[in-house]
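S.K.: I'd like to ask you about the structure that follows.
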Amino acid sequence: MSDNTKAGPEPSERVAIGLTFGNSNSSIAYTVDDKAEVIANEDGDRQIPTVLSYVDGDEYYGGQAKNFLVRNPDNTIAGFRDFLGQEFKAVDPTHCHASAHPQEADGSVSFAVKDKGGEEAASTVPVGEAATRYLRRLVGSATDYLGKKVTSAVITVPTNFSEKQREALIKAANDADIEILQIVSDPVAAVLAYDARPEAIIEDKIIVVADLGGTRSDVAVVASRGGMYTILATAHDYEFAGVHLDQALMEHFAKEFQKKHSVDPRGNARSLAKLRLESEAAKRALSLGANAQFSVESLADGFDFSVTINRIRFEMVGRKVFEGFNRLIEGVVKKAGLDVLDIDEVIMCGGTSHIPRIANNFRGIFPESTEILAPATSATAINPSELTARGAALQASLIQEYEATDIEQSTHPAVTTVKHISNAIGVITVGPNGDEFTPVMPIETAVPARRTVRIAAPKEGGDVLIKVVEGGTHIKVTKAEPKEKAEDSDEDSDFDSDDEDEEKREKIWKVGSLLAEAAIKGIKAGGQVEVTINVLADLSVTVTAREVGGKGGVRGTLSGQ
Amino acid sequence: MASVATVMLPLPALPSGWSAEKDFKAVGHLSEAVQRSIEPVGPHFLAHARRARHKRTFSEDDRIQAQESAKNVEDGDESDVSEPEDPMMLQSEAKDWKSQDHYKILGLSKYRHKATEDQIKKAHRKKVLKHHPDKKAAQGRVDDDQFFKCIQKATDVLLDPIKRRQYDSVDEEADVEPPTKKVLQKGDYYKLWSKVFKAEGRFSKTHPVPSFGSSDATKEQVDEFYNFWYNFDSWRSFEYLDEDVPDDNENRDQKRHMERKNTNSRKKKKAEDNARLRKLLDDASAGDERIKRFRQEANAAKNKKRLDKEAAEKKALEDAQAKKEAEANAAAEAEASAKANRESSKKAKEAAKNALKKNKRVLKGSVKDANYFAAGEPTAAQIDAVLNGVDAIQAKNDPDEIAALASKLNGLTVADEIKSVWSGEAKRLVDAGKLKDGDVKALA
């Protein structure tokens, strides 16, 4: 992936950071002692708006540039990340309406801004050049903060970034003298940020990553198997995102203002820009507190406007968008061929994920066993805005000591494309209702893989049979009745039916085809058996079973197909 | 890998009659797998990539990784190699601490000013373990603590940044003597001098210190080097060589005198050091072939400019000359041709005049030949009339017509024929209205 044209710095001289280059906001992160820290820029922003503005030949970026959307919209470039490497006819200029408009130049996208100062005519800035300028500023901030020249970066992109867009991004970064070590997808970076916490336990789980950003929402279902991540399904939405909530708030405030002063602030571009900036600020404030103050001086016709809004009202005006998020997340789970019961974790990232309503809605969609990692529902959640940058920084710290060619070889499809088992592998244990399937290696595990479990032997010891079988799941729906029929079969399905739901859904394991049988003889009372299942790349299976603390054991191999 | 999970549900008991070779019975195969791309991210992927690229199995990889991490730890311990101890050094007395080589005492003479604090601490600990008086006492050598005191003093100096800097300032062991001419003849000029300046560079307040470079250094590099060194900002000081100032309160004057003396001697030494460095630089630059080369190149460039300019001027001059000549030539030619034209036209005119005269003579001759159209001796009046008529006709005709008339008359001798020609001519002129009927009666 790091097909840099020029030779990058030596691995020992690299200073690598993690970059999230978003359409609305960007962040930079750095790792100190294996802990990722998000860096604040000169203005003290950790979420740096992806905006460039030119005033009299001076370049502004980030928060300062964003404020120029009110006074200097024509020379302010915003929302340009998604245009990188795209043809003009393929881009959606909606989000640039209140800033410099994208123009066609040689089939690609460019902006006409007065970036030279004086009375000169506007010069044409291709989107790649804009990205280069912006990245240079970002890395400049990181360099100032760290006191060391930043040479390399891992950068995150949405999963649907095309090869051409990635190339354009790498080129833009190289032009800004930054070596791109690797391009990482946003959802995986978010998962990595959580998995890299010291208290995190690496286990097999299925994670939904909801990346709710400013101008787009991307959700992905990621299978995490022994710390290796496979994306099972993705969905992208440009209709329900942060700006649509801003829009809803703007409508609301505009109507209030109109009622009071009978002037429509939406009629005038400058009033509209003020309204937009303040609506966004109010939205952010409502994620933290139950009330927010909306106040703009001279909103329209010289009238000041100040009003408070509470969270309930906000949730009402934004209901349509919130419901859109719900549908999006339900859709992606379905697209992956899974059920909400299969999902172990929901990671919410992106600025919009701060909104408590969204997290609470998701809480309602998924069963109790699913952990929703958002500030509103989990005390240990990491700031959703910083997740991807942290993930990128962690990845950067992992790979910065490798040669660029090593990185390229390791990320080569020959290494990354592997077989994933299509059925879970487990052993038969005895439950209260007869034989039960106990998964050892779950479905969608990338091979080669190795899993070890310890299973209790019968209380009295003796000889035991180890039946290695494939297994699948199905969702059992039972009408809620006073008495529970089935005991919970595993951790995923301890779904209590103490609410008013009419039916109870649970995940039931189904025993599939038998793979092998093995016997361990003469186990002591209260002993345990350790079973290791090792699946190789050619799908051959090695089963090793031995008594814990005992000698010898049984070992056998199933040939692959 | 994931930690070992524990399952509480018990395994089934072995049914009676179950048997298999080595207690294992392979029954089925795994069902078809799905090809998917794993995301190349995270420590576990790195492990996967390592295994895939080196074709290792899990257990092999675990073993190799374990070995590698174990080796790393060992490397860290082995970083300090102890130096052999000089028996003379072991005899040193603690009271002579000013003259002792602190680095050598601690076994760090290889590192000297580059030794890190950590290295010094470790070296100190090592030496203490070896030379502690209690250990000597165990061997029966009581009161043998001189070298131990030396070690403590050395550590004292080297672990105090200020004292260490003072010691480093006068640590001549770290100096590299400038190469002599003899040595320079044999060895690489640049290598030898760069060692000297590298050693001197330890006194620089600003970093990085530019290196002397090699013979193929660019002019910028060489200039930077000499600029840096001629403006060298040194932290070197000579407090370490101060004479001891008496520490009692008895003789204040003596104390002040000593202090003044020390300050002066420091200043003097500093000045000497600066002069020494300057001389070093002068020596180095005097033999520096690069500077000569650059000067030559600069001269060549300058000369080239001058020569170019001269050539250009010369060429311009020549061009101007050539242009002038060409102009003169053209003018002369034009004049010559005009003259020729004039002459030829003059000649033609004269020829025409002559021809006219001749023709006129022919005309007059013809009437004379025709005996003035009179029978017998013509009278003067007759002659006069005929000649008047001829004159009149001549006057009215242009030279060409006269020539034509002359050609008609030429050769005619018979009077009648001549007369008819004349009368024809007179008639033509009368018809053309050039003559009146009566004007040339004599010829009609």
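S.K.: Got at least one residue in region B:261-271 being out of contact with any Leu (no Cβ under 9 Å at 6 or more places or on another chain), among the small types (Gly, Ala, Ser) and assigned to a helix (DSSP H, G or I)?
M.R.: Yes.
S.K.: Another one. Within region B:18-58, which residues are within 7 Å of chain A (Cβ to nearest Cβ), assigned to a helix (DSSP H, G or I), without any contact (Cβ under 8 Å) to a residue 24 or more places away in the chain and of a type in the set (A, V, I, L, M, F, W, C)?
M.R.: Hits for region B:18-58 are B:Phe45, B:Leu46, B:Ala49, B:Ala52.
S.K.: In region A:395-447, which residues are closer than 29 Å to A:Ile155 by Cβ and among the hydrophobic types (A, V, I, L, M, F, W, C)?
M.R.: Listed by number, the residues that qualify are A:Ala396, A:Leu398, A:Ile399, A:Ala404, A:Ile407, A:Ala414, A:Val415, A:Val418, A:Ala446.
S.K.: Of the residues B:Ser265, B:Ser237, which single one is out of contact with any Phe, Trp or Tyr (no Cβ under 8 Å at 6 or more places or on another chain), open to solvent by less than 50 Å² (accessible area, probe 1.4 Å), among the polar types (S, T, N, Q) and modelled with pLDDT of 85 or more?
M.R.: Working: B:Ser265 fails: out of contact with any Phe, Trp or Tyr (no Cβ under 8 Å at 6 or more places or on another chain).
That would be B:Ser237, the only listed residue that is out of contact with any Phe, Trp or Tyr (no Cβ under 8 Å at 6 or more places or on another chain), open to solvent by less than 50 Å² (accessible area, probe 1.4 Å), among the polar types (S, T, N, Q) and modelled with pLDDT of 85 or more.
S.K.: Further, regarding this structure: Write out, first by first residue and then by second, each pair whose Cβ atoms fall under 9 Å of each other, whose residues are 6+ apart or on separate chains, and whose first residue, in region A:194-210, is within 11 Å of chain B (Cβ to nearest Cβ) while the second is among the polar types (S, T, N, Q) and open to solvent by less than 30 Å² (accessible area, probe 1.4 Å).
M.R.: Going by the 9 Å Cβ cut-off, the qualifying pairs are A:Asp195/A:Ser224; A:Ile202/A:Ser224; A:Glu203/A:Ser224; A:Asp204/A:Ser224; A:Asp204/A:Thr445; A:Lys205/A:Ser224.
S.K.: Please specify each residue of region A:513-531 satisfying the condition of being open to solvent by less than 40 Å² (accessible area, probe 1.4 Å), within 9 Å of another protein chain (Cβ to nearest Cβ) and not hydrophobic (A, V, I, L, M, F, W, C).
M.R.: A:Glu517, A:Glu530, listed by residue number.
S.K.: Using the structure shown, decide if A:Ile428 is open to solvent by less than 30 Å² (accessible area, probe 1.4 Å), assigned to a strand (DSSP E or B), at the interface with chain B (Cβ under 9 Å from one of its Cβ atoms) and of a type outside the set (Lys, Arg). Walk me through it before giving the result.
M.R.: Details: open to solvent by less than 30 Å² (accessible area, probe 1.4 Å): yes; assigned to a strand (DSSP E or B): yes; at the interface with chain B (Cβ under 9 Å from one of its Cβ atoms): yes; of a type outside the set (Lys, Arg): yes.
It is true that A:Ile428 is open to solvent by less than 30 Å² (accessible area, probe 1.4 Å), assigned to a strand (DSSP E or B), at the interface with chain B (Cβ under 9 Å from one of its Cβ atoms) and of a type outside the set (Lys, Arg).
S.K.: Return a yes/no flag: does region A:378-387 have any residue that is open to solvent by less than 10 Å² (accessible area, probe 1.4 Å) and away from chain B (no Cβ under 14 Å).
M.R.: Yes, because at least one residue in region A:378-387 is open to solvent by less than 10 Å² (accessible area, probe 1.4 Å) and away from chain B (no Cβ under 14 Å).
S.K.: A further question follows. Taking only region A:435-446 into account, find how many residues are open to solvent by less than 20 Å² (accessible area, probe 1.4 Å) and either within 7 Å of chain B (Cβ to nearest Cβ) or more than 18 Å from A:Gly472 (Cβ to Cβ) (or both).
M.R.: The number of residues fulfilling the criteria is 2.
One line per residue, one yes/no per condition, for (1) surrounded by fewer than 24 Cβ atoms within 10 Å (Cβ to Cβ); (2) over 23 Å from A:Ala241 (Cβ atoms):
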| residue | (1), (2) |
| --- | --- |
| A:Ser152 | no, yes |
| A:Phe161 | yes, no |
| A:Lys164 | yes, yes |
| A:Glu167 | yes, yes |
| A:Asp177 | yes, yes |
| A:Val188 | no, no |
| A:Val209 | no, no |
| A:Leu212 | no, no |
| A:Val219 | no, no |
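S.K.: While we're looking at this one, here's another question. Could you tell me how many of the residues in region A:377-401 are charged (D, E, K, R) and assigned to a loop (DSSP other than H, G, I, E, B)? Can you show your working first?
M.R.: Start the filter on region A:377-401 by keeping residues that are charged (D, E, K, R), which leaves A:386, A:390, A:401.
Pick out the ones that are also assigned to a loop (DSSP other than H, G, I, E, B) and you get A:401.
Counting residues in region A:377-401 that are charged (D, E, K, R) and assigned to a loop (DSSP other than H, G, I, E, B) gives 1.
S.K.: When you look at A:Glu278, is it of a type outside the set (Lys, Arg), exposed (fewer than 15 other Cβ atoms within 10 Å of the Cβ) and not in a loop (DSSP other than H, G, I, E, B), yes or no? Even if it seems obvious, please write down each step before you answer.
M.R.: Details: of a type outside the set (Lys, Arg): yes; exposed (fewer than 15 other Cβ atoms within 10 Å of the Cβ): no; not in a loop (DSSP other than H, G, I, E, B): yes.
So A:Glu278 does not fit the description; no.
S.K.: Out of (1) outside the structural domain of A:Asn360 (by TED's automatic domain parsing); (2) under 27 Å from A:Tyr194 (Cβ atoms); (3) open to solvent by less than 30 Å² (accessible area, probe 1.4 Å), what's the single condition that is false for A:Arg284?
M.R.: Status for A:Arg284: all satisfied but (3).
S.K.: Shifting gears a bit: Just to be sure I understand, how many residues within region A:223-232 are in a strand (DSSP E or B) and either facing chain B (nearest Cβ under 8 Å) or open to solvent by 10 Å² or more (accessible area, probe 1.4 Å) (or both)?
M.R.: Kept after step one, since they are in a strand (DSSP E or B), are these residues of region A:223-232: A:223-225, A:228-232.
Add one more test, that the residue is either facing chain B (nearest Cβ under 8 Å) or open to solvent by 10 Å² or more (accessible area, probe 1.4 Å) (or both), and what stays is A:225, A:228-232.
Looking only at that region, the number is 6.
S.K.: Let me ask something else. For region A:396-408, give me the residue count where each residue is more than 11 Å from A:Ile17 (Cβ to Cβ) and under 25 Å from the mean Cα position of the chain (by Cα). I'd like the intermediate steps shown before the answer.
M.R.: Taking region A:396-408 and keeping what is more than 11 Å from A:Ile17 (Cβ to Cβ), we get A:398-399, A:401-408.
Subset that is under 25 Å from the mean Cα position of the chain (by Cα): A:398-399, A:407-408.
Count: 4.
S.K.: Among the residues of region B:220-230, is there at least one that is touching a residue at least 24 places away in the same chain (Cβ under 8 Å), loosely packed, with under 13 Cβ neighbours inside 10 Å, farther than 25 Å from B:Tyr103 by Cα and of a type outside the set (Asp, Glu)?
M.R.: yes
The values are calculated or read from the model by the stated rules, or taken from the named source; none is laboratory data. Please read these numbers as outputs of a predicted model, since none were measured by experiment. Counting neighbours? That spans all protein chains shown, and the Cβs are built from the backbone with ideal geometry, glycine included. Accessible surface areas use protein heavy atoms only, side chains included; no ligands, DNA or RNA. Shrake-Rupley method; radii C 1.70, N 1.55, O 1.52, S 1.80 Å.
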